[in-house]
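Q: One structure is given below, represented as structure tokens, and several questions about it will come after.
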């Protein structure tokens, strides 16, 4: 083709080849034709490359990467990271079950989340996870009660809220005192003393997570200074700590962001731990989006073009039920034609078939498009399928993993009858 083709965001594993968008060695046009749309497509090589960027940054230091699996919890994705040696950051009993089924080592699982239920705590204790990231004194007391009843000792790390602005979207900022997450850092020493007094509790760490899609190192270092001051106080109180968990949150490129490389984060963090006398502690990270976000795209087919006085609309078969982030966060996802047309484009809103005005995937994008064209929404490896719903009785899409010139269906497309299973009409 004679026109300049766009450059896919974030990873070289999605690229144009002879005028068609490929994932590694597989044509996305072929996948859409054979498997239908909407369709989530992931690159195995992109997952491995993202993981390796963390290993290169760790460079032999005592650092445990616990993949934040809420970003993408497909068993095939989890199994890839488990085989690479990853730990897992979970936020539910369901995620615990998924991680274990995918081959995770329970001793590398940390359990976060503000609302752990009794059965979830029991399951985690029975599995012998690495630790609970405890988010309130009430939760600490509940874990103590359950552990004592089961004759277990619960390893705990208190998640402290450092009141640091992560400079990200307010919906994904978690380290401000107005947020629901964690224990205020000024009350943390008292909470640790409470933990010392409780039966069935073993203190193993300090935890902090300030938000997601962070593209600057300064918020991490601001939080780390507060965490290290807390560690000094805990040492004076005789509280022994084995690890420091600074969370995840490294951003990815959606449009023109310049994301941090893991090395740009870890170098100053490790240096500060050395300076402050805490280099003996294991450092725990909880990356999610940065491991999977740009390893996936969402393919969708144009159903109709609608030209109105105020806007042009490309109505596609994907919807907010397949990619919630634009409706939820006003988020931007790159848009690519799988086979770009060599003609002048126009501005279109890319919208779905769901009966909500919020059902849009991209707004005012210049693109040359015709009915039945296949489009790819970028950066759909994170917070895409995991947030999908069956609203409007829409079956959830299939997930596919590309591996070189091969592909594997890693989750079948739902059938209509799957949506009715478990429902019953009254007699």
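The values are calculated or read from the model by the stated rules, or taken from the named source; none is laboratory data. As the structure is a computational prediction, the values presented were derived from the model and not from experiment. For neighbour counting, all protein chains shown are included, and Cβ atoms are generated from backbone atoms with ideal geometry for every residue, glycine included.
Q: Can you tell me which of (1) closer than 24 Å to residue 387 by Cβ; (2) surrounded by fewer than 16 Cβ atoms within 10 Å (Cβ to Cβ); (3) not assigned by TED's automatic domain parsing to the domain that holds residue 406 is the one residue 124 doesn't meet?
A: (2)
Q: Mind checking which residues of segment 399-427 are in a loop (DSSP other than H, G, I, E, B), in contact with a helix residue (DSSP H, G or I) (Cβ under 8 Å, 6 or more places away or on another chain) and under 20 Å from residue 73 (Cβ atoms)? Give the steps one after another, and end with the answer.
A: Start the filter on segment 399-427 by keeping residues that are in a loop (DSSP other than H, G, I, E, B), which leaves 404-405, 412-415, 421-427.
In the following step, the residues that additionally are in contact with a helix residue (DSSP H, G or I) (Cβ under 8 Å, 6 or more places away or on another chain) were identified as 404, 413.
Result: 413, single match.
Q: Kindly provide the set of residues from segment 189-219 that are under 22 Å from the mean Cα position of the chain (by Cα) and buried (at least 22 other Cβ atoms within 10 Å of the Cβ), ordered by number. Write out each step before concluding.
A: We begin by selecting, within segment 189-219, every residue under 22 Å from the mean Cα position of the chain (by Cα); these are 206-219.
Selection gives 206, 207, 208, 209, 210, 211, 212, 213, 214.
Q: Which residue is nearest to residue 252 (Cα to Cα), if the candidates are limited to segment 338-359 and must be in contact (Cβ under 8 Å) with a residue 60 or more places away in the chain and surrounded by fewer than 21 Cβ atoms within 10 Å (Cβ to Cβ)? It would help to see each step written out before you state the result.
A: First, the residues of segment 338-359 that are in contact (Cβ under 8 Å) with a residue 60 or more places away in the chain: 338-340, 342.
Applying the additional criterion that residues be surrounded by fewer than 21 Cβ atoms within 10 Å (Cβ to Cβ) yields 339, 342.
On the way: 339: 25, 342: 30 Å.
Looking at residues that are in contact (Cβ under 8 Å) with a residue 60 or more places away in the chain and surrounded by fewer than 21 Cβ atoms within 10 Å (Cβ to Cβ), I get 339.
Q: Checking the conditions here, which among 88, 81 is in contact (Cβ under 8 Å) with a residue 12 or more places away in the chain, under 25 Å from residue 143 (Cα atoms), in contact with a strand residue (DSSP E or B) (Cβ under 9 Å, 6 or more places away or on another chain) and not assigned by TED's automatic domain parsing to the domain that holds residue 154?
A: On the way: 81 fails: under 25 Å from residue 143 (Cα atoms).
None of the others qualify; the one that does is 88.
Q: Name every residue in segment 240-256 that is crowded, with 17+ Cβ neighbours inside 10 Å and in contact with a helix residue (DSSP H, G or I) (Cβ under 9 Å, 6 or more places away or on another chain), in order of residue number.
A: 241, 244, 246, 247, 248, 249, 250, 251, 252, 253, 254
Q: When you go through 347, 328, 299 one by one, which is the residue that is within 27 Å of residue 15 (Cβ to Cβ) and within 29 Å of the chain's Cα centre (by Cα)? Please lay out each step first, then the result.
A: On the way: 347 fails: within 29 Å of the chain's Cα centre (by Cα); 328 fails: within 27 Å of residue 15 (Cβ to Cβ).
The match here is 299.
Q: Hey, can you tell me all the residues within segment 276-299 that are part of a loop (DSSP other than H, G, I, E, B) and in contact (Cβ under 8 Å) with a residue 24 or more places away in the chain?
A: So the first thing to find is which residues in segment 276-299 are part of a loop (DSSP other than H, G, I, E, B), and the list is 276-281, 286-288.
Answer for segment 276-299, where residues must be part of a loop (DSSP other than H, G, I, E, B) and in contact (Cβ under 8 Å) with a residue 24 or more places away in the chain: 276, 278, 281, 286, 287, 288.
Q: A further question follows. What is the residue count in segment 261-275 for residues that are assigned to a helix (DSSP H, G or I), touching a residue at least 24 places away in the same chain (Cβ under 8 Å) and over 11 Å from residue 61 (Cβ atoms)?
A: If we filter segment 261-275 for residues that are assigned to a helix (DSSP H, G or I), which is where we start, we get 262-275.
With touching a residue at least 24 places away in the same chain (Cβ under 8 Å) added as a condition, the list becomes 262-270, 272-273.
Going one step further and asking which of them are over 11 Å from residue 61 (Cβ atoms), we end up with 262-265, 268, 272.
Matching residues across segment 261-275 total 6.
Q: Separate question: Which one is farthest from residue 208 (Cα to Cα) among residues in segment 114-141 that are out of contact with any helix residue (DSSP H, G or I) (no Cβ under 7 Å at 6 or more places or on another chain) and part of a helix (DSSP H, G or I)?
A: By that ranking, first place goes to 126.
Q: Let me ask you something else. Tally time: how many residues in segment 373-398 are in contact with a helix residue (DSSP H, G or I) (Cβ under 8 Å, 6 or more places away or on another chain) and either assigned to a helix (DSSP H, G or I) or over 21 Å from residue 15 (Cβ atoms) (or both)?
A: 9
Q: Another question about this same structure. If the requirement is being on the phi < 0 side of the Ramachandran plot, buried (at least 18 other Cβ atoms within 10 Å of the Cβ) and in a helix (DSSP H, G or I), which of these qualifies: 331, 327, 362, 319?
A: On the way: 331 fails: in a helix (DSSP H, G or I); 362 fails: in a helix (DSSP H, G or I); 319 fails: in a helix (DSSP H, G or I).
Answer to the selection: 327.
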